[in-house]
Amino acid sequence: MVTVSLPNKTYRVKIATGLRENIGAQIEGVWSKRQVLIMTDEQVGGYYLAETRNQLEKFGYKVTTLVLPGGEQTKTLPYLEQAITLLADKHFTRDDGVITLGGGVIGDLAGLTAATYMRGIAFIQIATSLTAQVDSSVGGKTAINLGQTKNIMGTFYQPDLVIIDPSYLKTLATRDLIEGYAEVVKTSALAGGEFWDLTGTIQSKDDVLDNALALIVKSVAYKAKIVMQDEQEAGIRKYLNFGHTIGHAIELLAHGDLRHGEAVAIGMIAITKRFVVNNISSAEFLKALQQRLIDVGLPIDSTLVHTNVMLEQLVHDKKNRAGILQLVAVERPGQPKIIKKPLDEMKNFIEGA
């Protein structure tokens, strides 16, 4: 278990195999009996919605469910409106709550739903994907996409509890599991030390599953430490965006052909290559980072990186401050830093001119 202690909120991230068999008791530990909305997607709902609903009802909760399509297109205004309308139609009050059952997309949408309905109602995350378990369920970021801009509408809104059970990962398709592992590699690069050494031993899907508990605990512990020092990303929390500036841009431009973690993997390599040329990152680190991604089948390059439309997309990056991008470099494992780069220099920077 990891405790996240912030100025205005403290909550627990419970991590253990078997938690999904005891959901009702876990939630009863933080919430009184109330009306709850479980938000999930079609795939996750098919596996786990019935058992989750039954456990909550046994503990006296009045349950409403909302099952949405999977995929990044669900993180949009129409689905936010649908969720908030349902809460209103069911007469949810500020004493009620929203529970997300799923991965990062549903977690972001459900978190923003809870944050905006009646100016904020209680929220719990049940993270079922590796991406959600190691990254998006912790830290309070909620957001949706608008047009071709990713995560542009959102807020910081902390949950009351995060439940992480590695057994959920057994029903993930290989591609879905491995794309989440890109976030693990990212965090291990930022953390360095034993965590970086651990990802160096992972060479297959089976290795990811066999080491899932340790990988999740180390990822969450590192992220919680960063978030507790910088909840709203004024400083060091920006480190967690390593690979995301280019990654977010090409993820949107790929129109579904790249998963989030795949785009982040490509983004980490693209930006690190440039930082090696600029004598900021070490060539040794780049080689080791590439190997960790290649070993599990993650992509490390895309033609989208080298297009003008990708460069144009960077203007929408949330780390753009008055035309200055704040890029994340890793000099060596465990040594991240922020490099400021004017937008009008990015073309030459990326192309190596």
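Looking at segment 119-135, can you tell me whether even one residue there is charged (D, E, K, R), closer than 20 Å to Val44 by Cα and assigned to a loop (DSSP other than H, G, I, E, B)?
Checked against the condition, which is being charged (D, E, K, R), closer than 20 Å to Val44 by Cα and assigned to a loop (DSSP other than H, G, I, E, B), segment 119-135 yields no hits at all.
Hey, Ile15 hits all of (1) farther than 28 Å from Asp89 by Cα; (2) more than 23 Å from the chain's Cα centre (by Cα); (3) at pLDDT 95 or above but one; which does it fall short on?
Against the list (1) farther than 28 Å from Asp89 by Cα; (2) more than 23 Å from the chain's Cα centre (by Cα); (3) at pLDDT 95 or above, Ile15 comes up short only on (2).
Checking the conditions here, which among Gly18, Gly102, Gly71 is in contact (Cβ under 8 Å) with a residue 60 or more places away in the chain, loosely packed, with under 12 Cβ neighbours inside 10 Å and either aliphatic (A, V, I, L, M) or under 20 Å from Gln133 (Cα atoms) (or both)?
Gly18
Just name the residue that is least open to solvent (accessible area, probe 1.4 Å) out of those in segment 172-192 that are closer than 17 Å to His260 by Cβ and not in a helix (DSSP H, G or I).
Leu172
Please verify whether Thr10 is open to solvent by 20 Å² or more (accessible area, probe 1.4 Å) and closer than 24 Å to Asn211 by Cβ, treating the condition exactly as stated.
Against the criterion (open to solvent by 20 Å² or more (accessible area, probe 1.4 Å) and closer than 24 Å to Asn211 by Cβ), Thr10 does not qualify.
State yes or no: is Glu51 open to solvent by 80 Å² or more (accessible area, probe 1.4 Å) and either touching a residue at least 24 places away in the same chain (Cβ under 8 Å) or closer than 29 Å to Ser219 by Cα (or both)?
Criteria not met by Glu51.
Each row is one residue, and each column tells you yes or no for (1) in a helix (DSSP H, G or I); (2) touching a Lys or Arg at 6+ places or on another chain (Cβ under 9 Å); (3) at positive phi; (4) not aromatic (Phe, Trp, Tyr).
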position	(1), (2), (3), (4)
Thr17	no, no, no, yes
Arg20	yes, no, no, yes
Leu49	yes, no, no, yes
Gly60	no, yes, yes, yes
Thr64	no, yes, no, yes
Val67	no, no, no, yes
Ile84	yes, no, no, yes
Leu87	yes, no, no, yes
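Condition check: assigned to a helix (DSSP H, G or I), in contact with a His (Cβ under 8 Å, 6 or more places away or on another chain), over 20 Å from Lys170 (Cα atoms) and open to solvent by less than 10 Å² (accessible area, probe 1.4 Å). Does Ala263 satisfy that?
Spelling it out, Ala263 is indeed assigned to a helix (DSSP H, G or I), in contact with a His (Cβ under 8 Å, 6 or more places away or on another chain), over 20 Å from Lys170 (Cα atoms) and open to solvent by less than 10 Å² (accessible area, probe 1.4 Å).
Considering (1) open to solvent by less than 30 Å² (accessible area, probe 1.4 Å); (2) part of a strand (DSSP E or B); (3) touching a residue at least 40 places away in the same chain (Cβ under 8 Å); (4) in contact with a helix residue (DSSP H, G or I) (Cβ under 7 Å, 6 or more places away or on another chain), say which one Thr142 fails and leave the rest.
That leaves (3) as the condition not met.
Given the conditions (1) hydroxyl-bearing (Ser, Thr, Tyr); (2) more than 22 Å from Ala115 (Cα to Cα); (3) in contact with a strand residue (DSSP E or B) (Cβ under 8 Å, 6 or more places away or on another chain), and given that Tyr47 satisfies all but one, which numbered condition is not satisfied?
Single failed check for Tyr47: (3).
Taking only segment 146-170 into account, find how many residues are open to solvent by 10 Å² or more (accessible area, probe 1.4 Å) and out of contact with any Gly (no Cβ under 6 Å at 6 or more places or on another chain).
Looking only at that region, the number is 14.
Every residue, every condition in (1) more than 25 Å from Thr142 (Cβ to Cβ); (2) at pLDDT 95 or above; (3) loosely packed, with under 14 Cβ neighbours inside 10 Å; (4) among the β-branched types (Val, Ile, Thr), yes or no:
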site	(1), (2), (3), (4)
Val296	yes, yes, no, yes
Pro299	yes, yes, no, no
Leu314	no, no, no, no
Asn320	no, no, no, no
Arg332	yes, yes, no, no
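The values are calculated or read from the model by the stated rules, or taken from the named source; none is laboratory data. All values reported here derive from a predicted model rather than from experimental measurement. Cβ atoms come from the backbone with ideal geometry, glycine included; neighbour counts cover every protein chain shown. To get the accessible areas, we keep the full protein, side chains included, count just its heavy atoms, and leave off ligands, DNA and RNA. Shrake-Rupley method; radii C 1.70, N 1.55, O 1.52, S 1.80 Å.
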